[in-house]
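Input: a single structure, listed below in structure tokens.
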């Protein structure tokens, strides 16, 4: 059922797994790769002065600071990969890092990139022999845990000051809003996963959409059209609910702690990046940086923008400047942070996706599937 090796793991060779049935599995990653490259070039070109200044500051930073930045970046990537490994039993660290990097690159590239990244991650996991129900549960779990961690961190950073009466109105409001959103977020997923009614409703909607798509005149292979027409979406969503609930009971605590650790690592990375911008002991304290990060990160989570672009940057600049940081040095530190956490993951995610796509296209299964599907696709195109 699970593919991969006999024990249900997915440690087998990539070429031994069936090809992924997705837009990414048969050489159609070119448009996505070109989009990421173009956006990366535009991002660097539009802010080339700031980016070059950030790179110059990195070049002149002490070796200890550079080493700390490198360790934190690697730690954050490993924590993300660890979440994926926790949700998919038997997944190797190398594959987990590849899938996580590809997902992050898509998320940072375009608006709505989370859906694109989830599809790419699902295709990668399927090509490695992971079953569909395990993939769905993994995607849900690794999306819910970071959201809970973001709001928990906001409450943890702002609530102590609010309780002692030392915080300003912003921190008091942040503590209240964060607590409400955190509880609401947790209750929403608790209801969705424990009761079958929401899953059945989503299944009926998805099934109707699949049947309309199967009847449409869009170019599709016969096998794809048949799968869409015969899809039992209600049973699929019920299976997803059951599998995700089981995963949450077994690994929910570990996933949450790992996601929270990843957010803390990002906050510390911001603090170290600000020191490359010149904010030393007379500038911003680590606590002030952590509080500003938690508030700006929560605000960015409310809007569907890639990587919190503009929202996170503006929030960090306003909060850190208000806390006493020099504006010009703070901007330089934020740019260093964004180069490490926004631009670099786009490049590494693109490389991971292209490497995986090249391996899949060269596998014997993919070549056989392409030979079987080509005549059917040509016939459908002729009838259209």
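Just so you know, all these numbers are worked out from the coordinates, no wet-lab data involved. All values derive from a computational prediction rather than experimental measurement. As a convention, Cβ positions derive from the backbone with ideal geometry for all residues, glycine included, and neighbour counts pool all protein chains shown.
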Completion exercise
One finds the C-alpha centres of the stretch 180-242 and the stretch 249-326 to be spaced, in Å, by 35
Fill in the blank from the handout: Proxy exposure order for 128, 355 (fewest C-beta within 10 Å first) is 355, 128
Problem - Sorted by Cβ neighbour density within 10 Å, fewest at the top, the residues 80, 242, 195 - result: 195, 242, 80
Completion exercise
Per-residue Cβ contact counts at 10 Å, fewest first, order 139, 177 as 177, 139
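If you take the square roots of the eigenvalues of the alpha-carbon gyration tensor of the stretch 167-219 and sort them as a ≥ b ≥ c, do you get rounded (a/c under 1.5), prolate (a/b over b/c) or oblate?
In terms of gyration-tensor shape, oblate.
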Handout entry: the stretch 96-230 - Debye-derived log10 I(q)/I(0), Cα point model, q = 0.20, 0.21 Å⁻¹
Key = -1.26, -1.28
